[in-house]
Structure formats: structure tokens, C-alpha cells
1. Going by the conditions given, is Val6 at pLDDT 95 or above, aliphatic (A, V, I, L, M) and open to solvent by 20 Å² or more (accessible area, probe 1.4 Å)?
2. I need a count of the residues in the range 412-435 that are part of a loop (DSSP other than H, G, I, E, B), open to solvent by 20 Å² or more (accessible area, probe 1.4 Å) and closer than 23 Å to Leu467 by Cβ.
3. Could you tell me how many of the residues in the range 242-266 are within 17 Å of Gly300 (Cβ to Cβ), open to solvent by 10 Å² or more (accessible area, probe 1.4 Å) and free of Cβ contacts under 8 Å to residues at least 40 places away in the same chain?
4. Can Met280 be described as touching a strand residue (DSSP E or B) at 6+ places or on another chain (Cβ under 7 Å), at pLDDT 95 or above and under 24 Å from Trp499 (Cα atoms)?
5. Of all residues in the range 111-140, which are crowded, with 16+ Cβ neighbours inside 10 Å, aliphatic (A, V, I, L, M) and part of a helix (DSSP H, G or I)?
6. Can you find a residue in the range 263-274 that is in contact with a Lys or Arg (Cβ under 8 Å, 6 or more places away or on another chain) and among the hydrophobic types (A, V, I, L, M, F, W, C)?
7. Quick one: in the range 347-359, of everything that is of a type outside the set (Asp, Glu) and surrounded by fewer than 19 Cβ atoms within 10 Å (Cβ to Cβ), which residue is nearest to His247 (Cα to Cα)?
8. For the range 163-177, does any single residue satisfy the condition of being at pLDDT below 95 and open to solvent by 40 Å² or more (accessible area, probe 1.4 Å)?
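The values are calculated or read from the model by the stated rules, or taken from the named source; none is laboratory data. These numbers were taken from a predicted model, which means no experiment stands behind them. Neighbour counts run over all protein chains shown; Cβ positions are idealised from the backbone, glycine included. Keep in mind that these areas ignore ligands, DNA and RNA; they rest on the heavy atoms of the full protein, side chains included. Shrake-Rupley method; radii C 1.70, N 1.55, O 1.52, S 1.80 Å.
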Amino acid sequence: MTVTSVSQAATAAEHSAPTRVSGGYALMDALRRHGVETIFGYPGGAILPIYDELHKAESRGWLKHVLVRHEQGGTHAADAYARATGKVGVCFGTSGPGATNLVTGIATAHMDSVPMVVITGQVPRAAIGTDAFQETDIFGITLPIVKHSWVVRDPRDIARIVSEAFLIASTGRPGPVLIDVPKDVGIEEFDYVPVEPGAAIPPGFKIPPAAAPSAIEAALELIRNARRPLLYVGGGAISSGAHAEIHALAERFRLPVTTTLMGKGAFDELHPLSVGMLGMHGTAYANFAVTDCDLLIAAGARFDDRVTGRLDGFAPRAQVIHIDIDAAEMGKTRLPDVAVVSDVKQAVEALLAASSQEDSRGRTEAWLERIAQWKQHYPLVVPAPEGDVAPQEVVSMLQELSPQAFFTTDVGQHQMWAAQFLHTLPRRWISSAGLGTMGFGMPAAMGVQCAFPDEPVICVAGDASILMNIQELGTLSQYHLPVKVVVLNNGWQGMVRQWQESFYGERYSASEMTGGMPNFPAVAEAFGVKGFQIQSRDELRSTLAEALAHPGPAFIEVKVRRNENCYPMVPPGASNAQMVGLPSHPELAIDTNRECHSCHQSTSSTSLYCPNCGAKL
């Protein structure tokens, strides 16, 4: 059913809607009024009254329900649906074990600031607190990982609560919210008064402020004076849709741009000003640039430890402009010289408006030339085509064969190789960053494919992580979702093995996966999904192309090098410039001295103040 037909059906239902309804009906009506088209979920006893009304809502053409095979898969699908569309994702689960199975997915969305409404069934109101069958205090369990939560005690509150839930989930810094609905609330009938989107404002709710003009001017002053600036872009730029503004700001002031794992897609990584991803497995030139910059402009990024490495070695010579919609992020990890509390898109628009007649005036050209040298000497390299297939070859081939695809990933080495070698468009990179959730990739791909049924969607996974939610092959099969799952099989928990090799004396404790390894193509076929296996380089291109062209879901297992490591890598406790896995080029070492902007005397890069004039460096 198209969005238009759903809208027409909803309009028709408007005129015939009963005034006395059950709580379950009120919930369905409220969801369709908030534009919900797809719900991911799994039924159970306590949520059956809601599912009964859901059945009727689907028959009316209001929305569609996708039956996942595990509640965690439902949360990841709703999460990815939200990331890809910019809308609020919705998932259902029943009480007790159904609700607790949602927790990992809620935490994943919370860490990555993804708007999601999670609705759980609960035991009847009179049974709450009695240790009834399948009773769990999901409200209390999830308090640290949601923006807000409700237990519905009166069905008359449902419409208001849904309106508040969507408002809270989607405004400010986005995030998940929880609505817990006791079974008898879903059954009870009452006189229904609908509440439209945005009509219910929670007590204490405030729209995030616009950027202060003084902060914008102070930020511009730092940009005008910087000789080695770096624009550091995070997931907030994706959430706010600031892609065009980021591009314009970078080009106006000739700013090199690095992104976090969450920020991929916010800036074209093939653009000359791009230095790719920074951090633990970022590009060498991004990590050198952040170490040697004199101004760091953080836009929608939170100075995550996987980005910063050793904090006192992160941008040690730089003044910092921090743009973020969440005031709590200001100074949490790095104290900014200028704090701009604002939506990223609005803040960058203000910077552009206040500098409309300006340009870089050549200030950054020497800096860009230096970065170009780093790019030349420290490129990301696909290993020579010798011996077993290298995982980097597979990812590069996917980029070549399907450059416009949505890419989802699981977590591990394959995730980092995908981040290094895939160049994606805005909202087409879907990966669990903050929580690092194994098992995220395939259900995430389901959510994206439901949102964009005619677009190519590829999940890049590892042999260990795919087993976490492999049951979702059943969902792909049932709904004929043409997701392509590409598993890089090295027989290990790859990143765990790399750390054990590098930092634990090659003691490979519980990280090898060859014992009990399934025949993946056969497993896929058993679910009704087309299975492929690639064992040699000779068949890599042809089999990948065949699998990607398959009209339905496909599972492609690629046997890759057993002991390939992901480089560059910043070891734990090291600064970003202290990467391993790089060729040595001492002539390109970062500056050990810098020039004072006031008196122009050269002094040690470790100094905070100029010894000649006392100015802050």
C-alpha cells in the first residue's frame, strides 16, 4: 500500500471513527495520526488486545506490521527505519521476556540518538507489583536508556501520551521513549477524544534555542584566524540534515573535513577537502590532521573515546568550537573555547549568513598541501590480490558494484573496513556506533528495506555477529525483502582476535568460531533465502554481481583471510598520531613547534602560552 492510499484510508476513517473505543483502538488511531506506516514487533499475551486492534487497523489500510523473529530484531529494524528516513521508528513487544528482549535495541538507539517509540504490553493494572506471570518492571529497567517513559494507567491518556512521545523522541537531541500499556488498559472502552501531533506539550518541555549571535560571531572570529582548521562532523549533522550547509561552510573557508562513524555521509568522502573518518580505525591523515590542527570545529559530535584516543593527546594544539543541540555535551569531555548550543543545521546556516561575503583568503592552503602529502604517503590500501581473498577486496567490490546502496553493518573488523572503503550518501550508512551492538546489521537492513522497498540495501556482517540475529532470515523470507547480506567469514570474532594478538600475548581465549560453524548458504536456503558462497578471487566479482542482481533476499558468504588485521589502529592509551600499521615517513612528522598569532615567534608545540608575549597559543 502506498503512502497516498494510507493517507486516503486514514481520511475516510476520520469521518467514521467511533467515539467510544478501546484503549487498543485509541493507540492505533493515535499512531496513524502521527504518520506511522510501519511497525516492527512480536506479539504475546499481555499485548494481545493491542494486536487485535492492530489486525483491524491493517485491514483498514492505516499501517503495516512486520513480524520479526525476535524482539531485539524489531528494535534494530525500527532504529534503522528512523536513521534512513529521519522519521520516528516504532516497535512492539509483550511483557516480561518480550520487553527485556527489547533492552539492547533501546540502548543502541539511545547511544546513537535515534528517535524511536517502543510500546510494550504489561500485566493488568491490578496485577502490577504482584510478580504476576511475565511481569517485569520495564519502566524501571529502561529509565537510564530512554528520554522519557510512561505506564498508561487510564486509557483516556493514550492519545495525549502518544503525542508527547513523538514530540519528545524527535525534538532536541533525538532518542527512544517507552510506553508501557497494561493489558486491561488495551481492552477498556471509553469516550475517545483524539489528540493531533504537537497538540500535547509535556510539562517543562522546551524547544531547543537558536544559536546565540554572540557565539556565532565568536566562532567566526576563530575560523577567520585559523591557519590549520579542521571540521569534525558527527551524527548530529546527519540528524539535523545539515549536509548541504556543512559542504558550503567547508568550501567557503577551505576547511578539511573529518567525520565520525556516525557522521559518515554528512560530507562527500570523495571531495578534495575530505580526510575521511578519524579515530581508532580512522585514516592516518585524519588522525594526523586532528593532532596538528590549530582549530577544531566539532559539529554534532561528542568527543567519543574511540575518536579521541588518549584525551590529552587529542587536538592538543587546537582551540575548539563545539556545536551541539545538547547543552550537557558542552565541556563533558573537552572544554570548548566557543560553545554553540543549537541544532547543527541552524548553527551552520547562521555561520554562513554572518560570513556571506567572506572566503578563506588563502589562509589554509599550506595546511591543505600538508594534508595532501599525508594522503599520498598514508593511503588506505587494499592488500595485493594474492592468496585468500582479503576482506578489503570484498568491501571495495561492493562499493564498485552498488555505489548508491544503503549499507548496514554489524560490529567488528568488517564494520571498520566498511567504514574505511565505502563512500555513502546521507542517511545511507546505518551502523551501531556508540553501543557497538553485534547482531544489529541484518535487522537494521530489514528496517531500511521496509522504508525503501525499491532501493538496494546491503548488510555487511561477520561470521560471529551474523549469528546473533540470524533468525531474522525468516523475516526477510516472509516479506520478500530483497536485502543482500554479505558475510566476511574469517572463522573468528575478528576484532577480539586482533586485540588478543596485539595486546594479550596471542592468547586467543574463546574467540575462534570454527567449531560449530554452520553451512551459512544452507541455513539461508532453509529459511527460503537464496544462498551463495565465494571461496576464491576468481569468483568474487561474478558471484557478487549475480547475488546483488537476485530479485529477492540473498545471503552471500565470502571466505576471507583468517588473520587479516584492520589498520590503521590507535592502540589503547595512545594518542591519535600514534597509530600502528603504517609505513614510516619521518619527514612528514607533525610539527614540534608552532607560531604565536600575536608576535609570530616560534615556540614549542607543548606550550599553552607564548613565552615571548604571553598570548594563548
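1. No; evaluated as a whole, the condition is false for this residue.
2. 3
3. Final tally of qualifying residues: 2.
4. Taking the combined requirement at face value, the residue satisfies it.
5. Met111, Ala127, Ile138, listed by residue number.
6. Taking every residue of the range 263-274 in turn, at least one turns out to be in contact with a Lys or Arg (Cβ under 8 Å, 6 or more places away or on another chain) and among the hydrophobic types (A, V, I, L, M, F, W, C).
7. Filtering the range 347-359 for residues that are of a type outside the set (Asp, Glu) and surrounded by fewer than 19 Cβ atoms within 10 Å (Cβ to Cβ), the one nearest to His247 (Cα to Cα) comes out as Leu352.
8. So far as the range 163-177 goes, no, none of its residues is at pLDDT below 95 and open to solvent by 40 Å² or more (accessible area, probe 1.4 Å).
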